[in-house]
Protein chains: 2
Amino acid sequence: MQIGSLAEASDVSAKTIRFYEQRGLIPPPPRTSGGYRDYPAEAIQRLRFIRDAQGAGMTLADIGRILSVRDNGQAPCSEVSTLIAEHLDQVERRLTELTATRTRLRRLAHRAAGIDPDACVEADICTILVGRDRLTVPSAGTPGRPLPPTTIGRGGVEGGIS
Amino acid sequence: MQIGSLAEASDVSAKTIRFYEQRGLIPPPPRTSGGYRDYPAEAIQRLRFIRDAQGAGMTLADIGRILSVRDNGQAPCSEVSTLIAEHLDQVERRLTELTATRTRLRRLAHRAAGIDPDACVEADICTILVGRDRLTVPSAGTPGRPLPPTTIGRGGVEGGIS
DNA sequence: GTACGAGTTCCAGCACACTGGAAGGTCAAG
DNA sequence: CTTGACCTTCCAGTGTGCTGGAACTCGTAC
């Protein structure tokens with residue numbers, strides 16, 4: 001199976017597949033006499049797994065760790081469980097943050113609705129954003145991993161294999 | 001006021017201040033005879049505004065637009081209102097996505113808790129992540145702007161001015 | 001005069017997951 | 001033999017907001 005067919009079958013662009021190979025996420029397949037990559041059918045499964053794991057919010061680095069455990073013949077259950085728990089944790093924290101941001105934005109929108117632009121000209125820069133109740137910034141306690149934006153299907157894949 | 005004092009007063013590192021200047025967010029201040037930047041007190045306000053706007057989820061590009069409207073002597077109220085509305089929208093959508101992700105992760109965590117690793121060895125790659133009920137990926141309809149991770153206070157600022 | 005902190009410029013890199021494009025090779029059909 | 005789809009490698013760029021470091025100057029204290 002050539003890379004193009006695999007791309008179509010797995011809904012992952014050929015470029016991305018090569019990129020994954022380079023990152024060690026999928027093993028280098030054998031080549032045809034002409035130098036073309038020749039994938040076994042299992043490659044589809046592997047790519048699907050990668051997509052699923054990304055859907056669970058994991059980075060390629062996480063996924064690479066899981067896959068290498070698996071490639072060593074062990075069941076990666078405990079690693080996977082740990083990663084899931086970690087991500088759940090991050091998602092929870094992010095949700096908390098985002099909810100706070102939403103509250104802040106709603107307050108701002110409300111304030112903006114009742115503003116007189118002429119009065120505003122006198123003010124500092126913007127009376128909407130710099131109000132009396134200063135908007136304190138979350139200031140992210142432990143940086144940790146910033147939690148990928150979960151923008152998976154954007155751009156490349158939907159656009160087609162090219 | 002030198003850049004160091006401004007950094008301290010505004011809680012924005014000197015490096016970052018120069019970076020903002022280079023990005024056009026703060027006007028190049030006059031220089032001392034020795035070539036040092038010499039800031040007026042208003043610079044503190046401006047930096048605070050930038051931080052506040054970031055806290056509302058705006059990118060530096062957004063903030064730059066607001067500031068340039070302001071610098072032209074107009075009240076940026078309508079621009080600001082529009083931006084706020086846009087961000088609110090994005091935050092809402094992101095919250096929906098994240099909530100879905102959380103649900104997915106919870107299901108995964110639950111599944112992981114009742115897995116037999118030995119059974120898993122036989123399976124494809126990981127029975128937790130690749131289950132019968134395939135985890136469909138959000139597939140982000142309109143990409144739009146990915147909504148900055150709102151990780152404002154990480155690393156640089158808390159660490160100090162350096 | 002010399003040490004030191006704080007300033008200057010400029011270039012590079014991080015993290016993340018790709019994507020674009022150039023320049024060329026392979027293979028089947030016509 | 002040529003066309004064209006498909007493949008190859010490699011390098012560079014995207015976006016976001018900085019941060020690090022090198023190499024140098026300024027200003028003040030001792």
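The values are calculated or read from the model by the stated rules, or taken from the named source; none is laboratory data. Worth saying up front: this structure is predicted, and the values here are computed from it rather than measured. Please note: Cβ atoms are built from the backbone with ideal geometry, for glycine as well, and neighbour counts cover all protein chains shown. Surface accessibility is based on the protein's heavy atoms, side chains included, excluding ligands, DNA and RNA. Shrake-Rupley method; radii C 1.70, N 1.55, O 1.52, S 1.80 Å.
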Test: A:SER78 is in a loop (DSSP other than H, G, I, E, B) and open to solvent by 20 Å² or more (accessible area, probe 1.4 Å)
no
List the pairs whose first member sits in region B:15-42 and is closer than 18 Å to B:ARG65 by Cα, whose second member is open to solvent by 50 Å² or more (accessible area, probe 1.4 Å), and whose Cβ atoms are under 7 Å apart, counting only residues at least 6 apart or on separate chains?
B:GLU21/B:PRO28
Which listed residue is at pLDDT below 85 and either open to solvent by less than 50 Å² (accessible area, probe 1.4 Å) or within 16 Å of DNA strand D (Cβ to nearest atom) (or both), from A:ALA100, A:ALA14:
A:ALA100
Scan (1) in contact (Cβ under 8 Å) with a residue 12 or more places away in the chain; (2) more than 16 Å from DNA strand C (Cβ to nearest atom); (3) within 11 Å of another protein chain (Cβ to nearest Cβ) for the single condition B:GLY64 breaks and write down its number.
(3)
Any residue in region B:35-47 that is surrounded by 19 or more Cβ atoms within 10 Å (Cβ to Cβ), part of a helix (DSSP H, G or I) and either basic (Lys, Arg) or within 13 Å of DNA strand D (Cβ to nearest atom) (or both)?
yes
Given (1) open to solvent by less than 30 Å² (accessible area, probe 1.4 Å); (2) outside any loop (DSSP other than H, G, I, E, B); (3) under 30 Å from B:LEU88 (Cα atoms), identify the lone condition not met by A:GLU86.
(1)
Kindly provide the set of residues from region B:1-17 that are within 6 Å of DNA strand C (Cβ to nearest atom) and either charged (D, E, K, R) or outside any helix (DSSP H, G or I) (or both), ordered by number.
B:GLN2
Within region A:48-75, residues being touching a helix residue (DSSP H, G or I) at 6+ places or on another chain (Cβ under 9 Å), in a helix (DSSP H, G or I) and among the polar types (S, T, N, Q) number 1
